[in-house]
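Enquirer: This structure is in structure tokens; I'll ask about it shortly.
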Amino acid sequence: MERSIESIWKEGFLKSDALVAPKINNLYSQKSIHIIDKFKRMFRINLIAIVVFSIVFLFVSFYIGIPITGVIFFVVLSVLVYFNKRLLNHLEQIDLGVSSYQYLKAFNQWKNKQISVNKKFSRFLYPLIFISMILGFWFKDAAGMPLGERLVNKVLIGFPDIYLIFGIPLIGIVIVCIILMVLAYFGDRIYKWDLNIVYGRVFRKLEELMTDIESLRN
């Protein structure tokens with residue numbers, strides 16, 4: 001009886017050295033490599049874009065008078081790029097000679113590690129970005145006086161009895177602290193949302209490919 005294409009595919013994936021369905025195995029291997037290579041290109045472009053943005057913003061921050069913001073931005077984003085570049089180097093070490101299934105499994109393990117690292121980093125990233133903006137504009141020169149001090153003076157005109165800590169209204173400190181805690185708490189979710197926007201389509205294709213191969217192996 002003539003064997004079905006499904007049985008041939010299954011045998012081809014179950015035996016890495018099998019002679020059956022070599023073209024099918026090669027097709028899945030090439031498709032796996034193609035999708036992951038696309039992800040690598042996107043990942044590199046994303047890292048380059050972050051580097052370019054941090055450098056440009058650093059110069060712009062000095063020009064508009066908020067150098068503290070620019071410096072913190074540059075340092076934080078440089079650390080982010082450094083760790084992700086190291087993760088990308090680990091991805092490059094995945095053996096292309098293994099089967100498409102093993103290749104996808106290895107990539108999936110790398111992806112989970114990359115997401116885990118960046119989720120933890122995001123709990124600090126977004127609060128640091130927010131506080132850098134606050135500090136930058138607080139110390140921005142406004143007619144010979146820091147902008148923050150000028151704003152406090154205006155507040156004191158309307159609310160002379162407002163409680164101050166180190167010259168800063170307590171209510172302002174409380175509001176900033178609440179925002180920082182919210183950003184820290186939701187940092188990983190913000191990152192996942194951003195990740196899905198940039199790489200969601202590629203990840204879905206990889207998941208579909210993995211499902212197809214696993215269905216043939218079972």
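The values are calculated or read from the model by the stated rules, or taken from the named source; none is laboratory data. What you are looking at is a predicted structure, and each value in this text was computed from that prediction instead of being measured. All Cβ positions, even for glycine, are placed from backbone atoms using ideal geometry, and neighbour counts span all protein chains on display.
Enquirer: Would you confirm whether any residue within the range 80-91 is outside any helix (DSSP H, G or I) and either closer than 30 Å to Ile173 by Cα or of a type in the set (S, T, N, Q) (or both)?
Expert: no
Residues checked against (1) surrounded by 16 or more Cβ atoms within 10 Å (Cβ to Cβ); (2) closer than 30 Å to Ile36 by Cα; (3) of a type in the set (A, V, I, L, M); (4) touching a residue at least 60 places away in the same chain (Cβ under 8 Å):
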position	(1), (2), (3), (4)
Leu91	yes, yes, yes, no
Tyr101	yes, yes, no, yes
Gln109	no, yes, no, no
Ile134	yes, no, yes, no
Trp138	yes, no, no, no
Met145	no, no, yes, no
Asn153	no, no, no, no
Gly158	no, no, no, no
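Enquirer: Here's something else I'd like to know. Can you find a residue in the range 62-69 that is of a type in the set (S, T, N, Q), at pLDDT 75 or above and out of contact with any Ser or Thr (no Cβ under 9 Å at 6 or more places or on another chain)?
Expert: The answer is no; no qualifying residue exists.
Enquirer: Here's a follow-up. Which residues, taken from the range 175-217, are free of Cβ contacts under 8 Å to residues at least 24 places away in the same chain and over 29 Å from the mean Cα position of the chain (by Cα)?
Expert: Result: Ser215, single match.
Enquirer: Based on what the data block shows, is Ile8 at pLDDT below 80, hydrophobic (A, V, I, L, M, F, W, C) and out of contact with any Leu (no Cβ under 8 Å at 6 or more places or on another chain)?
Expert: Here the answer is yes, as Ile8 does meet what is asked.
Enquirer: Which pairs have Cβ atoms under 9 Å, sit 6 or more apart or on different chains, and link a residue in the range 51-62 that is touching a residue at least 24 places away in the same chain (Cβ under 8 Å) to one that is surrounded by 13 or more Cβ atoms within 10 Å (Cβ to Cβ) and of a type outside the set (A, V, I, L, M, F, W, C)?
Expert: Cβ pairs passing all conditions: Val51/Ser78; Ser54/Gly70; Ser54/Ser78; Ser61/Pro67; Ser61/Thr69; Ser61/Gly70; Ser61/Gly136.
Enquirer: Right, here's the next one. Looking for something surrounded by 12 or more Cβ atoms within 10 Å (Cβ to Cβ), in contact with a Ser or Thr (Cβ under 8 Å, 6 or more places away or on another chain), at pLDDT below 70 and not hydrophobic (A, V, I, L, M, F, W, C) - is there at least one such residue anywhere in the range 13-28?
Expert: Scanning the range 13-28, I find at least one residue that is surrounded by 12 or more Cβ atoms within 10 Å (Cβ to Cβ), in contact with a Ser or Thr (Cβ under 8 Å, 6 or more places away or on another chain), at pLDDT below 70 and not hydrophobic (A, V, I, L, M, F, W, C), so the answer is yes.
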